[in-house]
1. Can you tell me, using C-alpha contacts under 8 Å and at least 6 residues apart, the relative contact order of the chain as a whole percent?
2. Take the alpha-carbon centre of the range 1-60, take the same for the range 79-120, and report the distance between them in whole Å.
3. What are the radius of gyration and Dmax of the chain, computed over its Cα atoms and given in Å?
4. Quick one: helix 6-16 against the long Cα principal axis of the chain, what's the angle to the nearest 10°, folded into 0 to 90?
5. So if I place +1 on the C-beta of Lys and Arg and -1 on the C-beta of Asp and Glu, and nothing else carries charge, what would the dipole magnitude of the range 1-53 be about its Cα centre? I want it in debye, nearest 20.
6. Within a Cβ distance under 11 Å of Val113, other residues only, what is the Lys/Arg minus Asp/Glu net charge?
7. Report the extension gain between Glu21 and Asp57 in nm, rounded to one decimal, defined as 0.36 nm multiplied by the number of residues separating them, less their alpha carbon distance.
8. Quote the charge dipole size of the range 48-119 about the Cα centre in Debye, to the nearest 20; the model charges only the Cβ of Lys and Arg (+1) and of Asp and Glu (-1).
Amino acid sequence: MKSVDKSVLEAFDTMWGLYPEPVLLVHACRDILAVNQKAEEVGIPTGIKCYSMHPSDRPCPGCLANKMLKSGKATRRGALNERSGKFLDGYWIPVKGVEKVYVHLGNDISEFVKPELLIK
């Protein structure tokens, strides 16, 4: 598994530790380097490939990590999570000053989305 400096892990925890949705610190190779408290609570471990949570051996079809890594700019995509039926507002955010590392999160915004867009 890839690793990052302890100061990066500490900064991640300070910023995202108590965020109310799962947040991941991920390396470009898709290793999960750290997770916040909510991610731990829902069973997301560190040390795995992020896409392995969605029985796959390659990045998810809607993943924008490569686009974000190439541009160096945060990217966003809203999408319906068919497993949960929730509409997620997803973000891939590069970590300033740390090459090939990014923050990934998805906010559940289902209550703000037109009902016809959600799975019943």
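No lab work stands behind these numbers, since they all come straight from the coordinates. Keep in mind it's a predicted model, so treat the numbers as computed, not measured. Positions of Cβ are backbone-derived with ideal geometry, glycine not excepted, and every protein chain shown enters the neighbour counts.
1. Relative contact order here is 21 percent.
2. One Cα centre to the other: 15 Å.
3. 14.2, 45
4. Rounded to the nearest ten degrees, it is 30.
5. The calculation lands at about 220 debye.
6. Local charge sum for Val113: -2.
7. 10.5 nm
8. 380 debye
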